[in-house]
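The values are calculated or read from the model by the stated rules, or taken from the named source; none is laboratory data. What you see is a predicted model; the values in this text were computed from it and never measured. Neighbour counts are summed over all protein chains in view; Cβ atoms, including those assigned to glycine, are modelled from backbone coordinates with ideal geometry.
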Amino acid sequence: MDPRNIGEWNLTEEDAYLERALGFIIRYKWLHDFKITRFYVDNIHENLPQEWVQASSGLSTEELQTQLDVLRNSSSTEVRAGFPESLRMFLREAKDLCLKRAMLGEGKGGGALELESEHEVDIPRRLMYGMRPKKLHEVSRMAVLIHQICQKYGLRTVLDLGAGMGYLDCVLAEVYAYQVIAVESDGCRTVNAQRRLSRHSQKDRPISNLLKYEALTIDHSPGSLRDLREVLNKYGASLICIIGLHCCGSFTPIILDLFARLDEGKALVCVGCCYHLMRYSKNQSGVEHCPLSKMAKQKLEGLWTKPGPLLTTASLRLATQETKVRWLKELDVHVSCHHFRAVLELAACSRNYEIKKRRRHTSPEQYGSDADKFLATVFTDYQLIGYGHAANRTNDQSVVSLQ
Ligand SMILES: C[S@@+](CC[C@H](N)C(=O)[O-])C[C@H]1O[C@@H](n2cnc3c(N)ncnc32)[C@H](O)[C@@H]1O
């Protein structure tokens, strides 16, 4: 039995795994608990052991990729020679603690569910409107997963919490003919989602009778449970599959809690994200409603005895990073964009400027590892706010100053 295969775990193995994983996170806190944009401002590079720096400096990207191949290659367990033992040990342990991305699920009544992980649904072109490639990738796979789970448990109604623009919902309603109730706290999104549906669904076979939108904010309160029951009654839904795609921060624990309390919910498919947006408890000792098992919480209390949380906002950001395979593949671009941004922070700080993002998603793919291109796009992505002696400078003057 492989302790990393979550489908086969028993409690003794989980206990041992948690002890090792938490020990690892604690030992390497210096490596994950910092703001990447302040890498140079806060001299984070000085925390790196000298022997790690010596071993990796001067290596080309290809050489570094080869050295780190142990992380990518699932059958390889040995780190290549050339790295000091402390770094080899870190890589070995990191790899060993990785959880397998097994497509396994557990029904409320028990019993593992094996899913056909490779499949994705063909989405009609009309319904792709507004979806970026990443969203299309997620929706086409998640729709299949939900369909398989609904088939297994005999469910015909899906309750989507945090539905956003309802991309996934349209596919579930049109391609698989599910009754879908799309709940969303942002009323504007609900209106836009309805508009999108009326413009892009099939004209001769509209799905508006299957897909219903409800503007509602869900939280941990009994009132939320009542509101959801009312919505389910309104549409005559008794057995449902609850879904949530990209449930940011504390929204994921809210959904897990609801699933446990809502008897109508027979299956749950929830993809969390933006863990760094989870709320901290008032005394700042940790994340409120942190989605950890009781055993993990007890272990954490026993092992982490210092003041403040073990997992800070900076550390939790790691949980939303790309996979290690993708990181290695695009090492050049990732390293460059973080390096450029950290240099910009250093330049701005030294001239008393504060940096603010102009838009939520910046565009590293536009500049890749080209510093000039970065400088050309950076001022459309960021705004420099002057303060102190530079208080009245405009953004254009700041650009010149930083260049
Ligand atoms: C990142 S978006 C994901 C939207 C959609 N599921 C998708 O993947 O395209 C998260 C959505 O959840 C909604 N949301 C967040 N907290 C919520 C809450 N407590 N109750 C209902 N909706 C919420 C947000 O307004 C937002 O539209």
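Just one of (1) at pLDDT 95 or above; (2) closer than 30 Å to GLU322 by Cα; (3) touching a helix residue (DSSP H, G or I) at 6+ places or on another chain (Cβ under 7 Å) fails for ASP169. It is (3).
Of the residues making up the stretch 120-147, those that are among the charged types (D, E, K, R) and either over 16 Å from the mean Cα position of the chain (by Cα) or at pLDDT 90 or above (or both) are GLU120, ASP122, ARG125, ARG126, ARG132, LYS135, GLU138, ARG141.
The set of residues in the stretch 193-224 that are buried (at least 16 other Cβ atoms within 10 Å of the Cβ) and part of a helix (DSSP H, G or I) comprises ALA193, GLN194, ARG196, LEU197, HIS200, SER224.
Among the residues here, TYR235 qualifies as away from the ligand (no atom under 15 Å from the Cβ), touching a residue at least 12 places away in the same chain (Cβ under 8 Å) and aromatic (Phe, Trp, Tyr). Take SER369 and tell me if it is more than 27 Å from TYR280 (Cβ to Cβ) and assigned to a loop (DSSP other than H, G, I, E, B). So SER369 fits the description; yes.
In the stretch 228-242, is there at least one residue being within 30 Å of GLN321 (Cβ to Cβ) and either of a type in the set (A, V, I, L, M) or touching a helix residue (DSSP H, G or I) at 6+ places or on another chain (Cβ under 8 Å) (or both)? Taking every residue of the stretch 228-242 in turn, at least one turns out to be within 30 Å of GLN321 (Cβ to Cβ) and either of a type in the set (A, V, I, L, M) or touching a helix residue (DSSP H, G or I) at 6+ places or on another chain (Cβ under 8 Å) (or both). Among the residues making up the stretch 226-256, those that are of a type in the set (A, V, I, L, M) and not in a strand (DSSP E or B) are LEU228, VAL231, LEU232, ALA237, LEU239, ILE254, ILE255, LEU256.
For (1) at pLDDT 85 or above; (2) surrounded by 15 or more Cβ atoms within 10 Å (Cβ to Cβ), each residue gets a yes or a no:
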{"site": "ILE6", "(1), (2)": "no, yes"}
{"site": "GLU51", "(1), (2)": "yes, no"}
{"site": "ALA55", "(1), (2)": "yes, yes"}
{"site": "SER60", "(1), (2)": "yes, no"}
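Evaluation of LEU402 against the conditions (1) modelled with pLDDT of 65 or more; (2) out of contact with any Cys (no Cβ under 6 Å at 6 or more places or on another chain); (3) of a type outside the set (Lys, Arg); (4) closer than 30 Å to GLU322 by Cβ shows that the sole unmet condition is (1). Within the stretch 16-75, the set of residues being outside any helix (DSSP H, G or I) and closer than 23 Å to CYS98 by Cβ comprises TYR28, ASP33, PHE34, LEU48, PRO49, LEU68, ASN73, SER74, SER75.
To keep it simple, each residue is scored yes or no on (1) surrounded by 15 or more Cβ atoms within 10 Å (Cβ to Cβ); (2) outside the structural domain of LYS135 (by TED's automatic domain parsing); (3) of a type in the set (D, E, K, R); (4) away from the ligand (no atom under 11 Å from the Cβ).
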{"site": "CYS247", "(1), (2), (3), (4)": "yes, no, no, no"}
{"site": "ALA260", "(1), (2), (3), (4)": "no, no, no, yes"}
{"site": "VAL269", "(1), (2), (3), (4)": "yes, no, no, yes"}
{"site": "LYS282", "(1), (2), (3), (4)": "no, yes, yes, yes"}
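Taken over the stretch 332-373, the residue count meeting the criterion of being charged (D, E, K, R) and in contact (Cβ under 8 Å) with a residue 40 or more places away in the chain is 4. In this structure, does VAL271 turn out to be among the aliphatic types (A, V, I, L, M) and touching a Leu at 6+ places or on another chain (Cβ under 6 Å)? Considered against the rule, which asks whether it is among the aliphatic types (A, V, I, L, M) and touching a Leu at 6+ places or on another chain (Cβ under 6 Å), VAL271 comes out as yes. Identify, please: which residue in the stretch 137-175 is in a helix (DSSP H, G or I) and of a type in the set (D, E, K, R) and is, among those, nearest to the ligand (Cβ to nearest atom)? In this case the residue turns out to be GLU138.
Consider VAL183 carefully, then state whether it is part of a helix (DSSP H, G or I) and either modelled with pLDDT of 95 or more or within 14 Å of the ligand (Cβ to nearest atom) (or both). Considered against the rule, which asks whether it is part of a helix (DSSP H, G or I) and either modelled with pLDDT of 95 or more or within 14 Å of the ligand (Cβ to nearest atom) (or both), VAL183 comes out as no.
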